[in-house]
Amino acid sequence: KYLQEDDISQKGRDLLPLLPREKGWITTFIYQYQGFWYSPQILSSVLACQDHFQAQDTDVLLITAPKSGTTCPHNLVHFLESQLYFEQVIPNLASFTSPRLFATHLPYHLLPMSVKDSGCKLVYLCRNPKDTFVSFWHFANKIRSKGTGEIPLEECLDAFCRGTSPFGLYWDHVQGYYKASSEMPERVLFLRYEDLKEDPHVHVKRLADFLGCPLGKQELMDGTLDGILKMCSFDSLSALEVNKSGELSIGIGTNWFFRKGEVGDWLNYLSVEMGERIDRVMQEKMHGSGLKL
Ligand code: A3P
């Protein structure tokens, strides 16, 4: 389904010829819209989401650039543009009870106006760009149609460094939310994948505080926090039957979202020079932002 390029809305179809395009990682082409790159189908659902999503003050949005560790049970935490607005231009969200929890890869500047105007909370998770890139390369190869074969690592790296990756520019994606969290810390929480892996207790407590549901002394002592961490761990989630053999409505196997879940796996795939290239691009692009990845 993800590869069916004809299956897009009329609005998307009208817009595509007007947009800059580049060779895609997964689909034949990706298109630049409002500074970021999308496959035609995702662009179509981004437009629908921007036009129709009505945020509520009690909503929580979990936001990432792809392959930063968004994965949660997909049918419990629905994805805006890759699921709800992918399936229908105006999905019926009436059955979602408050507080609603959604996931999205939308860059900050492309969030629907109602998100910015409401008091809803945004939780952004970023991941170091080298691991994110390697994870994305593997994922893209799984999704690409059988006939097209693997996308060469070097070609993919080149595109990532130029910013032409799905939902790229990667550095603008991260910086948009970093800035928003510095300006509105009560509305935007900025978390790092590596920090969560290193000290999950501390950061899950931060998350609970941010969401206004702090863990009490009792919950810290009686194993509630440990239980949450165990339930959300890579080992537990990847062992669930639904994540081993399930399939999302967009035709992607749920097990494709679980690979290794490690920090530093890029070392197994990128040469020193390739790693340095990503570092250089990030330093250059993020210079002055105060953000180090
Ligand atoms: P790797 O490919 O490096 O293993 P996303 O969920 O944004 O698509 O990101 C997928 C990445 O997050 C994959 O990284 C996947 O293995 C990892 N991941 C999935 N669930 C995880 C979990 N519970 N804890 C840590 N990492 C997880």
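Can you give me the Kirkwood hydrodynamic radius for the range 10-286, using every pair of distinct Cα atoms, in Å to one decimal?
One decimal place: 19.6 Å for the Kirkwood radius.
Cut-off is 10 Å between beta-carbons; in what order do Val272, Val77, Val242, Val115 appear when sorted fewest neighbours first?
Val272, Val242, Val77, Val115
Grab the other residues whose beta carbon is less than 13 angstrom from that of Leu110, score K and R as +1, D and E as -1, and report the net.
-2
How do His287, His52 rank when sorted from fewest to most other Cβ atoms within 10 Å of their own Cβ?
His287, His52
Could you name the lysines whose alpha carbon sits less than 16 Å from that of Lys67, not counting residues in the same chain fewer than 8 places away?
The reachable lysines, counting only those whose Cα sits under 16 Å from Lys67, are Lys130, Lys142, Lys197, Lys260.
Excluding residues on the same chain fewer than 8 positions from Lys230, give the aspartates and glutamates whose Cα lies under 19 Å from its Cα.
Those aspartates and glutamates meeting the cut-off are Glu194, Asp195, Glu198, Asp199, Glu219, Asp222, Glu241, Glu262.
Straight-line reach only, C-alpha to C-alpha below 16 angstrom: list the aspartates and glutamates that Lys217 could link to, leaving out same-chain residues fewer than 8 apart.
Asp209, Asp226
For the pair Ser182 and Glu247, how long in nm is the line joining their label points, each one 7 Å along Cα→Cβ?
That separation, rounded to one decimal, is 4.6 nm.
Rank by packing, highest mean first: peptides 165-173, 133-141, with packing defined as the count of other Cβ atoms within 10 Å averaged across residues.
Top to bottom by mean Cβ count within 10 Å: 165-173, 133-141.
Once amide H atoms are placed 1.01 Å from N in the peptide plane, what residues at a sequence separation of 5 or more from Leu189, or on another chain, have their amide H within under 5 Å of its amide H?
For Leu189, the qualifying residues are Leu122, Val123, Tyr124.
In nm, to one decimal, how far is the modelled label at Leu267 from the one at Leu76, with both set 7 Å along Cα→Cβ?
Inter-label distance under the simple model: 3.3 nm.
Sort all Cα-Cα distances of the range 90-159 into consecutive 5 angstrom bins from zero, then give the percent of pairs in each bin up to the one containing the longest distance.
Binned Cα distances yield the sequence 3, 10, 16, 17, 14, 12, 14, 9, 5, 0.
Binning every alpha carbon pair distance of the range 105-230 at 5 Å from zero, what are the percents per bin?
Histogramming the range 105-230 at 5 Å steps yields 2, 9, 15, 17, 15, 14, 12, 8, 5, 2, 0, 0 percent.
Coordinate-derived values only; no laboratory data. Predicted, not measured: the structure shown is a model, and the values here were computed from it. Cβ coordinates were reconstructed from backbone atoms using ideal geometry, including for glycine residues, and neighbour counts include every protein chain displayed.
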